[in-house]
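Notes to accompany the following structure.
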Amino acid sequence: MIEIGARIDLPHPTGRVWRALTDPTLLARWYTEVEPAAGRPGRLLLYTAGLPGFDAAVDAEVTERREPDAIALRCQEAGRRTLLSCAVTPTAEGCRLTVHEALEHGSWPVEQRVRREQFYQQALTGRLPAILDWLAFQQVDLLRDQGPPTAEMPIVETPGDAASPRRRRTVLAAALGGGVLATGLATWALLPSDPDRAAAPEPATVPPVATTAATSGPPRATPTARPTPSPSRSSARPSRSASPTPSRTATPSPAPQAPLAARYETVATRIFGYTGEVVVDNAAGAAARDWTVVLTLPSGSTIGDVEGGEWTQDGRAVTITGPAVPAGGSQTVRFDVRDADPFVKAPEACAVADTPCAGL
């Protein structure tokens, strides 16, 4: 996706900057004239013909509005469709204004895109501060009753004024709030358990040696149930080699395979989207050839530009698979998400093999 943008830190409160973005007279002074499209509610006409980087007037539709933080317009211009947005963020010294435009359909020649981005930068750093300073001076002019020096708006020359159409009545066009993302990164480590040690063989048991005792006197009757042993001493001890006791060596049990783990992090944000990253860790002793990461996105989010895996999206569910993760190694998957809600900067859920991702 081709994107351009400009940003400036202003020593003015957000309310004053919001007024410059939305007051039709002020907007015409630092950017361009705006007029509602006849018979089409929510549609605006921006007289940008003749401005650097513009081919014609822009037919714009207000997509979102949140006062006093941002503005979002979907623009049609000479067969090209773009999404133009502004975000106002408070700072310690005042506020930060960011203008961002992304190409959604059509082509954008490099030279035209560069000139357009330069126009945004010049408008934000030159003409807009002049209007804001004039508004601030009006608010603190203690000698106003003695004359009208601050009642007249300063003249700020706009490139292309000579070629622009006559001044028209203008109206305010929209606003939408920008979002702030907070992400955390957690680590995950799984160690395989030690293998079972081999059982040592038990020592062979030596049977006792049978002996015959000599007696005096008349011989005693020997019960038939008990035969008289008459082995020689040498043959009474059984040979170990003749009847060895089998050795019992236990086969080690295989170490349990540690489950795959994953870590999520939002590595970059934009006004209407973000870049996410999932790292799949394999702590097992063998490569993991079959793994799946499942993301759950908010309604309306779409994914694209996935690196490190193959993906499919079915509604809010995104399934990502990739190459085998080596034993003790990891696989990184990075992806871009687009969402019309500027406050959405991460998936709602993430899991690998039904195990939730850390850091989300």
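Each value in this text was obtained by applying a stated rule to the coordinates, not by laboratory testing. Being a predicted model, the structure only gives us computed values, none of them experimental. Glycine gets a Cβ as well: all are built from the backbone with ideal geometry, and neighbour counts include every protein chain shown.
For the range 43-97, with only Lys/Arg (+1) and Asp/Glu (-1) charged at the beta-carbon, what is the dipole magnitude about the Cα centre, in debye rounded to 20? Spell out each step's value before the answer.
Numbers: 7 positive and 8 negative charges, 25 e Å.
Here the size comes out at about 120 debye.
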**OP:** Assuming R0 = 41 Å, can you tell me the calculated FRET efficiency for the pair A286 and H105, based on Cβ-Cβ distance, to the nearest 0.05?
**Re:** 0.30
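Quick one: dipole size for the range 1-100, taken about the Cα centre, charges +1 on Lys/Arg Cβ and -1 on Asp/Glu Cβ, in debye to the nearest 20. It would help to have the intermediate numbers written out before the result.
On the way: 12 positive and 13 negative charges, 22 e Å.
Result for the range 1-100 is approximately 100 debye, rounded to the nearest 20.
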